[in-house]
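The values are calculated or read from the model by the stated rules, or taken from the named source; none is laboratory data. Worth saying up front: this structure is predicted, and the values here are computed from it rather than measured. Using ideal geometry, Cβ is built from the backbone for each residue, glycine included, and neighbour counts are taken over all protein chains shown. With ligands, DNA and RNA removed, areas are computed over all heavy atoms of the protein, side chains included. Shrake-Rupley method; radii C 1.70, N 1.55, O 1.52, S 1.80 Å.
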Amino acid sequence: MAGRALEALSFDNSYARLPEAFHAKLNPTPFSSSPYLISFNAAAAELIDLDPAEAARPEFAGVFGGSLLVPGMEPLAMLYAGHQFGVYVPQLGDGRAILLGEVRNARGEKWDLQLKGAGLTPFSRDGDGRAVLRSTIREYLCSEAMHGLGIPTTRALCIVGSDHQVYREQVETGAIVVRMAPSHVRFGSFEVFYYRKQHEQLKVLADYVIARHYPHLAGAPDPYARFFDEVVERTAKLIAQWQAVGWAHGVMNTDNMSILGITLDYGPFGFIDDYDPGFICNHSDHNGRYAFSQQPYIGLWNLSCLAQALLPLAGKDELKAALDRYTPVCEGWYMELMRAKVGLLDRQEEDAELIQDLLGLMHQHRVDYTIFFRALGDFRSAPGDPNDGLRDFFLDRDAFDRWARRYAERLRAAGSRDEERRARMNRVNPKYVLRNYLAQQAIEKAQQKEFSEIDRLLTLLRNPFDDQPGMEAYAAAPPNWGKHLSVSCSS
Ligand code: AMP
Ligand code: MG
């Protein structure tokens, strides 16, 4: 089907029809100088039936740079609250994001379009309503990289830049990333009405979310507990995926947790380079609350906040029972993913220990997580087969050899054929991930108005499991300067 023109996108905004308490209606604030397109993602455009040729029109940067509206848009900032670093903050809300509305595609799916960095809203608190170019590039690239990895996430349509000055630690320029998701409702969207004791509104929100995103539960007995149960399941599986791919979110506050179980709000995230379960990607997280290894526990903690907010709608026992499913689902899913990463198809009792011991060795010897798992596909399992390339990852070769003997035995017992296993492992162990330094290189070029590196990474990360000729450098270990880049919350 031929794509649509901008003006012909089928816009609606069902969130705008919810009671006044849910949002503040307002238009984006245009930049102080003309917006220009920095990068366009045709894969996301396809989701809303948008003709990719539209990106070349000046109106495109106008619409997604916050200075033009198209028919059917009804811009608003969403209200929410949330627990930030364990502390309840009674009012957050979109302080710099503006929901334009939802586009319905020919398949009947609806996608919220949101401008992040589009100016002040009534929820801006001390902020300026803007996002700096570097943070929009990080969100844009990482959300598409996660999608490429098969991890549920918000998507990103484009980045629109400007020469509008924004003040952080230094003067930077403001940009907008256009985010897309079936919904931007967060755990904190429920919390705000619970803590305000607005139980009517709480029910309206739950009914809205169920009707739109969990329609099979509408009219079912006990719909709110069942809704929660599904959020538990999706969140548990999502976090298992983060753990298996070696990705840390960095700011798992309840306002950054999606009720669809998709990765939401990319800030100081990071992919692990040298494996370290204590990895903290957020420079401001002094106590390591959101350290990599803590994420599964924080997922549960955040879900318990959501459960509490749902108490006026669902039975305590039912909510508790759903919450109790979290750990087994998350751990079970993680084990499935890790088994696949080491190329095992069947399940054996001993697998957990085999995998834990490998991770322990990788930690001890500071082995690069992504590179090693990709290389492990080359493991040869016949007795006496050399695995020199793999043992060289470890300072203590003997320790690796001891592990390798167990692994080889396990593979042989499962009747694994090396070539077939290698192909299977390459479909789950990515060759390319968005390491911080890769994003940083694209950012530094973009700050000099050279945007091609963004597009190059976008294309690369769309197919992270494929060997891409000429792109080997992007699969290499980070240079030393790139290993310890600190990323702050300043964005
Ligand atoms: P985050 O840590 O990015 O998830 O943001 C937490 C809260 O701060 C959200 O309510 C954001 O909308 C708000 N916020 C972050 N940066 C800004 C900014 N520059 N201007 C206004 N609000 C902001
Ligand atoms: Mg946020």
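Looking only at segment 93-110, decide whether some residue is aliphatic (A, V, I, L, M), open to solvent by less than 20 Å² (accessible area, probe 1.4 Å), part of a loop (DSSP other than H, G, I, E, B) and touching a helix residue (DSSP H, G or I) at 6+ places or on another chain (Cβ under 7 Å). Checked against the condition, which is being aliphatic (A, V, I, L, M), open to solvent by less than 20 Å² (accessible area, probe 1.4 Å), part of a loop (DSSP other than H, G, I, E, B) and touching a helix residue (DSSP H, G or I) at 6+ places or on another chain (Cβ under 7 Å), segment 93-110 yields no hits at all.
Only one entry of ASP255, ASP229 meets the criterion of being within 13 Å of ligand 2 (Cβ to nearest atom), modelled with pLDDT of 95 or more and charged (D, E, K, R), and that entry is ASP255. Of the residues in segment 292-301, at least one is surrounded by fewer than 21 Cβ atoms within 10 Å (Cβ to Cβ), modelled with pLDDT of 95 or more and within 16 Å of ligand 2 (Cβ to nearest atom).
Counting the residues of segment 117-137 that are of a type in the set (Lys, Arg) and buried (at least 24 other Cβ atoms within 10 Å of the Cβ) gives 1. Being surrounded by fewer than 24 Cβ atoms within 10 Å (Cβ to Cβ) and either away from ligand 1 (no atom under 13 Å from the Cβ) or under 30 Å from ALA240 (Cβ atoms) (or both) is a property that LEU149 has.
Looking only at segment 304-331, which residues are in a helix (DSSP H, G or I) and hydrophobic (A, V, I, L, M, F, W, C)? The answer is CYS305, LEU306, ALA307, ALA309, LEU319, ALA321, ALA322, LEU323, VAL329, CYS330.
So, in segment 164-183, exactly how many residues are of a type in the set (Asp, Glu) and over 19 Å from ALA442 (Cβ atoms)? Qualifying residue count, segment 164-183: 1. Looking for something assigned to a helix (DSSP H, G or I), in the same structural domain as GLY278 (by TED's automatic domain parsing) and of a type in the set (S, T, N, Q) - is there at least one such residue anywhere in segment 347-357? Scanning segment 347-357, I find no residue that is assigned to a helix (DSSP H, G or I), in the same structural domain as GLY278 (by TED's automatic domain parsing) and of a type in the set (S, T, N, Q), so the answer is no. Scanning segment 381-405 for residues that are over 35 Å from the mean Cα position of the chain (by Cα) and basic (Lys, Arg) returns ARG397, ARG402, ARG405. Yes or no: ARG155 in contact with a Leu (Cβ under 9 Å, 6 or more places away or on another chain) and free of Cβ contacts under 8 Å to residues at least 60 places away in the same chain? Spelling it out, it is not the case that ARG155 is in contact with a Leu (Cβ under 9 Å, 6 or more places away or on another chain) and free of Cβ contacts under 8 Å to residues at least 60 places away in the same chain. If the condition is being open to solvent by less than 30 Å² (accessible area, probe 1.4 Å) and part of a loop (DSSP other than H, G, I, E, B), then segment 372-403 contributes GLY377, PHE379, SER381, ASN387, PHE394.
Give segment 118-141 a look and list any residue that's hydroxyl-bearing (Ser, Thr, Tyr) and near ligand 1 (Cβ under 6 Å from one of its atoms), or say none. Passing the criteria: only SER124. For segment 234-243, state whether one or more residues are under 27 Å from GLY117 (Cα atoms) and either within 14 Å of ligand 2 (Cβ to nearest atom) or not assigned by TED's automatic domain parsing to the domain that holds LEU205 (or both). Looking through segment 234-243, none of the residues is under 27 Å from GLY117 (Cα atoms) and either within 14 Å of ligand 2 (Cβ to nearest atom) or not assigned by TED's automatic domain parsing to the domain that holds LEU205 (or both). When residues in segment 279-291 are screened for being of a type in the set (Val, Ile, Thr) and within 15 Å of ligand 2 (Cβ to nearest atom), 0 of them pass. Restricting ARG125, ARG104 to residues that are within 16 Å of ligand 2 (Cβ to nearest atom) and not assigned by TED's automatic domain parsing to the domain that holds TYR195 narrows the list to ARG125. The residue that is nearest to ILE38 (Cα to Cα), among those in segment 404-458 that are of a type in the set (Ser, Thr, Tyr) and in a helix (DSSP H, G or I), is SER452. Within segment 114-146, the set of residues being touching a residue at least 12 places away in the same chain (Cβ under 8 Å), out of contact with any Pro (no Cβ under 7 Å at 6 or more places or on another chain) and over 16 Å from SER39 (Cβ atoms) comprises GLN114, LEU120, THR121, PRO122, PHE123, SER124, ARG125, GLY127, ASP128, GLY129, ARG130, MET146.
Which one is farthest from ARG366 (Cα to Cα) among residues in segment 258-278 that are crowded, with 22+ Cβ neighbours inside 10 Å and more than 16 Å from ligand 2 (Cβ to nearest atom)? Only one residue tops the list, namely GLY270.
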